[in-house]
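Trainee: One structure, as structure tokens, below. Some questions next.
The values are calculated or read from the model by the stated rules, or taken from the named source; none is laboratory data. Since the structure is predicted, the reported quantities are computational estimates derived from the model, not experimental observations. As a convention, Cβ positions derive from the backbone with ideal geometry for all residues, glycine included, and neighbour counts pool all protein chains shown. Note: accessible area is taken over every heavy atom of the protein model, side chains too, but ligands, DNA and RNA are not part of it. Shrake-Rupley method; radii C 1.70, N 1.55, O 1.52, S 1.80 Å.
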Amino acid sequence: MKFTDFNFKPTIQQAIDEAGFKEPSPVQKEAIPLVLEGHDIIAQAQTGTGKTAAFGLPIMNQMKSDGSVEGLVIVPTRELAMQVSDELYRFGKLSGLKTATVYGGTAYGKQIDRIRQASIIVATPGRLQDLLMSGRITIKPQFVVLDEADEMLDMGFLDEIKNIFTFLPSERQTLMFSATMPKAIRRLAEEILKSPKTVSITKSESTNTNITQHYYVVQERERDDALVRLIDYKNPGKCIIFCRMKKEVDRLVSHLTSQGFKVSGLHGDMEQKQREVTIRGFKQGGIDIFVATDVAARGLDVNDVTHVFNYHIPFDSESYVHRIGRTGRAGKTGEAITLVTPSELRTIKRIEKDVGTKMVTQVIPTRLEVQNSKADELIANIAGTEITQSGIDLVKTLQHDLDIVTIAHLLASKLQEKHDIKGKEHIGLGLEEIELLIQRAMQSRGNDRGRGGQRRRRPGGGNRSNRNHRSSRGSSGHRGKRSNKPRQD
Ligand code: ADP
Ligand code: MG
């Protein structure tokens, strides 16, 4: 299927071509025809799957650009408002459709001027409600979109949204988009949508298949080492590390900084200005690693994030979906990595079930493995380097005092300095141990299936196994059975 199959107006089609979009994404394929036919829709699709174009293109195609506000898009955050507005501007500019962005924390005057000239406004709930209730603006949009509806409810905007709808014309087409569909969303949909068509991109399509998902099992105190080892090993371009608390963000930022990484933290109570500066640093590449809380990373859209790390597994499946959706955007591939302790394995299983994907368990590479892989990289790198005049001159100078083999050893050592891998040899649990723990977790969850967890571990697991095994007992109900071994660490 191609975009031309939708028979958009030439100015819209041209904008699509200029944006470089070749083929509609799954949610676009399903939603666009329904919106063009005039239906209300409720659409579920993961972040990064092209929802903005899924609603933006078909509503703009129906606009008259008669100088009135014809479309209203409500989004949870200021950043999203700016992003969505930029994207819509791109699609609409050739059709003479102006956009206005409306959010709190700025002066009213300019915003109101822009709204007067706009065909579409993209607004956050708070400021929009404020403008409507105070009578500063009156709008009659025929198209109303709730984007990232689940995030808006999570952020506590339900009352504002309901109130906003009392100011909107009842003759309208309403489109609701959400990455997840909890009950509260369905209830809201019943209130504001009229015989909506449902667009649900099946789970496997909606969980962006560009994202590979891995998890590693570690002991609580190994999280920092595990994280550093994995960063060393995976060599991410840009990555985001998710924590549960602001406190943890701060701690990790200083820890990673001390390890020589270019890191910055992002949390909910940062000043807007500071937040923007930080995000710009990340986008433009001065910062490689972002450490963030869920709230802080809402709406963060950076296209080339290669890895998302869950330093702690999130509390619920929805957060997991939102977090990992920060990578693998715009057709690129990404990797999501989650650190769990043995007692969190059940959460992994639950998320897998809720989300409908499979996370693959892996073992954290040993120091030697990382060292070797770095050495291979370095060798390939050296072999691919072009010999320069300044290189030749440097060797000539060194040759005054040193023989050529010593020079080579010195230069190689210099290069290796950067690749020194820190930390202990083994971090985290091995595959067999993880297998065993998963079985137990599953057994202790269901009915008592008798003597669960009796499968014997292979002998000779040594130090690591014992240690790992001890803490694996958790709530598995076999307390005491194997606890006779002394703690080894
Ligand atoms: P969502 O709202 O689902 O999170 P966006 O609408 O923000 O996703 O789209 C994510 C990225 O993918 C944007 O950079 C957008 O320009 C790009 N994109 C959207 N649709 C297509 C398409 N059909 N082909 C190529 N890129 C696309
Ligand atoms: Mg979006």
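Trainee: Please enumerate, by chain and number, the lysines with C-alpha under 26 Å from the C-alpha of LYS422, excluding those fewer than 8 residues away in the same chain.
Mentor: Cα-Cα hits under 26 Å: LYS234, LYS238, LYS247, LYS262, LYS374, LYS414.
Trainee: Can I ask one more? When the distances between all Cα atoms of region 236-282 are binned every 10 Å from zero, what whole-number percent does each bin get?
Mentor: 25, 58, 17
Trainee: Something else: Taking 0.36 nm per residue of separation and subtracting the Cα-Cα distance, what length does fully extending THR138 through GLU171 add? Show your work: numbers first, answer last.
Mentor: On the way: separation 33, 0.36 × 33 = 11.88 nm, distance 1.55 nm.
10.3 nm is the gain from fully extending THR138 to GLU171.
Trainee: Count neighbours as other Cβ atoms within 10 Å of each site's Cβ, and list the trypsin sites (Lys or Arg not before Pro) in region 1-108 that are DSSP loop with at most 12 such neighbours. Each step should come with its number before you reach the end.
Mentor: Values: sites: LYS2, LYS22, LYS29, LYS51, LYS64, ARG78, ARG90, LYS93, LYS98; in loops: LYS2, LYS22, LYS64, LYS98.
Filter output for region 1-108: LYS2, LYS22, LYS64.
Trainee: Using R₀ = 22 Å, calculate the FRET efficiency as 1/(1 + (r/R₀)^6) where r is the Cβ-Cβ separation of LEU431 and LYS353; round to 0.05.
Mentor: The value I calculate is 0.55.
Trainee: Given contacts defined as C-alpha pairs under 8 Å and at least six residues apart, what's the relative contact order of region 3-205, whole-number percent? Write down the numbers at each step before the final one.
Mentor: Numbers: 360 pairs, mean separation 57.8, N = 203.
Once normalised by length, the contact order is 28 percent.
Trainee: Now for a different question. Can you give me the % of accessible surface on region 3-205 that is carbon or sulfur? Probe 1.4 Å, all protein chains present, nothing else counted.
Mentor: Answer for region 3-205: carbon and sulfur cover 49 percent of the accessible area.
Trainee: Using Cα pairs under 8 angstrom and six or more residues apart, how large is the relative contact order of the chain, in percent?
Mentor: Normalised by residue count, the contact order of the chain is 14 percent.
Trainee: Using r as the Cβ-Cβ distance of ASN163 and LEU402, and R0 as 56 Å, what FRET efficiency do you calculate, to the nearest 0.05?
Mentor: Calculated value: 0.10.
Trainee: Protein chains only, probe 1.4 Å: how do TYR89, TYR320 rank by accessible area, largest first?
Mentor: Highest to lowest solvent-accessible surface, that is TYR89, TYR320.
Trainee: Per residue, how much accessible area does the chain show when a 1.4 Å probe rolls over the protein heavy atoms, in square angstrom?
Mentor: Accessible area per residue, the chain: 48 Å².
Trainee: Taking amide hydrogens as modeled 1.01 Å from N in the peptide plane, which residues meet the under 5 Å criterion relative to VAL102, leaving out close sequence neighbours?
Mentor: VAL122, ALA123, THR124
Trainee: On to the next question. Taking a ≥ b ≥ c as the square roots of the eigenvalues of the Cα gyration tensor of the chain, is the shape rounded (a/c under 1.5), prolate (a/b larger than b/c) or oblate? Walk me through the intermediate numbers first.
Mentor: Numbers: a/c = 2.34, a/b = 1.47, b/c = 1.59.
Oblate, because a/c is 1.5 or more while a/b does not exceed b/c.
Trainee: Suppose R0 equals 30 Å. What FRET efficiency, 1/(1 + (r/R0)^6) with r the Cβ-Cβ distance, do ASP250 and HIS214 give to the nearest 0.05?
Mentor: With R0 = 30 Å, the Cβ-Cβ based efficiency is 0.70.
Trainee: Accessible area of region 367-419 with a 1.4 Å probe: how many percent of it is carbon plus sulfur?
Mentor: 60
Trainee: Which translational diffusion coefficient, to the nearest whole µm²/s, is obtained for region 367-419 from the Stokes-Einstein equation, given a Kirkwood hydrodynamic radius over C-alpha pairs, 10 °C and 1.306 mPa s?
Mentor: D, rounded to a whole number, is 128 µm²/s.
Trainee: Report the label-to-label distance for ILE387 and ILE112 in nanometres (one decimal), using points 7 Å from each Cα along the Cα→Cβ vector.
Mentor: Each label point is offset 7 Å from its Cα along the Cβ direction, giving 7.4 nm.
Trainee: In region 3-205, what % of DSSP beta bridges are antiparallel (nearest 5)?
Mentor: Of all bridge pairs located within region 3-205, approximately 0 percent are antiparallel.
Trainee: Quick one: grab Rg to one decimal and Dmax as a whole number for region 22-177, Cα atoms only, in Å.
Mentor: 14.3, 44
Trainee: Between LYS283 and LYS422, what is the label-to-label distance in nm when each label sits 7 Å out along the Cα-to-Cβ direction?
Mentor: It is 3.2 nm.
Trainee: A follow-up question, please. Under a point-charge model restricted to the Cβ atoms of Lys and Arg (+1) and Asp and Glu (-1), what is the dipole moment magnitude of the chain relative to its Cα centre, in debye to the nearest 20?
Mentor: Dipole magnitude for the chain comes out near 1940 debye.
Trainee: Just order 367-379, 105-117 by mean Cβ neighbour count inside 10 Å, highest at the front, would you?
Mentor: Highest to lowest by the protection proxy: 367-379, 105-117.
Trainee: Fully extended, how many nm does the chain gain between ARG187 and VAL395 (0.36 nm per residue separation, minus their Cα-Cα distance)? Write out the running numbers ahead of the final one.
Mentor: Working: separation 208, 0.36 × 208 = 74.88 nm, distance 7.37 nm.
Full extension of this stretch gives 67.5 nm more.
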